[in-house]
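The values are calculated or read from the model by the stated rules, or taken from the named source; none is laboratory data. Model, not experiment: these values are computed from the prediction. Neighbour counts are summed over all protein chains in view; Cβ atoms, including those assigned to glycine, are modelled from backbone coordinates with ideal geometry.
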Amino acid sequence: MLDYGCGIGVEMAWLRKQGFLVEGVEGALEFVLAARKRCPGAEVLHARFESVPLSPGRCDGVWCNAALIHVPPKELSRQLGKLSRALKPGGLLGLTLAWGRAKGFIRQDWIPGRYIAAYSRREAATLFRGWGIPMLKVTAGDGRQGRWIQILASCHNRK
């Protein structure tokens, strides 16, 4: 299971406890070091999404919780294509996107200056045209500020 944008490794550690072999990708070095500490022995690659090499058919599943909200829409589309190709037939992608209309750099945030892109339910569905989508759900957040679109997508119905 690839945790794409694993942050400090909290969800990667949870996935490991559920019995998954895990690996992570993270762009912030301090987060990579924390994830490696939290998940000893798991491979955690320090790289920006744009530069991550993913070979075709290498992943049974990809988890990406609120990480790709930090790339512009055109790059998100490229990343979804890359993740689609990296999944084995029948593989699943779990993804959380921010729900809303805002796109741009945030000045007042716990990490000032980072980019955040939010999407409508229709925009999210359009991004996954050609995928099998067992779930597309817009939901209130999990205690964090904001609202989220949760997606569970399968690559088995890709065109």
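From the list 71, 62, 32, the lone residue that is in contact with an Asp or Glu (Cβ under 9 Å, 6 or more places away or on another chain), at pLDDT below 95 and not charged (D, E, K, R) is 71. Which residue is nearest to the chain's Cα centre (by Cα), if the candidates are limited to segment 44-56 and must be surrounded by 12 or more Cβ atoms within 10 Å (Cβ to Cβ) and in contact (Cβ under 8 Å) with a residue 24 or more places away in the chain? Filtering segment 44-56 for residues that are surrounded by 12 or more Cβ atoms within 10 Å (Cβ to Cβ) and in contact (Cβ under 8 Å) with a residue 24 or more places away in the chain, the one nearest to the chain's Cα centre (by Cα) comes out as 49. For segment 24-43, filtered to residues that are within 19 Å of residue 60 (Cβ to Cβ) and crowded, with 20+ Cβ neighbours inside 10 Å, the residue that is farthest from the chain's Cα centre (by Cα) is 39. Taking residue 55, is it in contact with a Leu (Cβ under 7 Å, 6 or more places away or on another chain) and of a type in the set (Ser, Thr, Tyr)? No, not satisfied.
For segment 1-57, the strands (runs of 3 or more DSSP E) that sit wholly inside it and include 2 or more residues that are among the aliphatic types (A, V, I, L, M) and in contact with a strand residue (DSSP E or B) (Cβ under 7 Å, 6 or more places away or on another chain) are 43-46.
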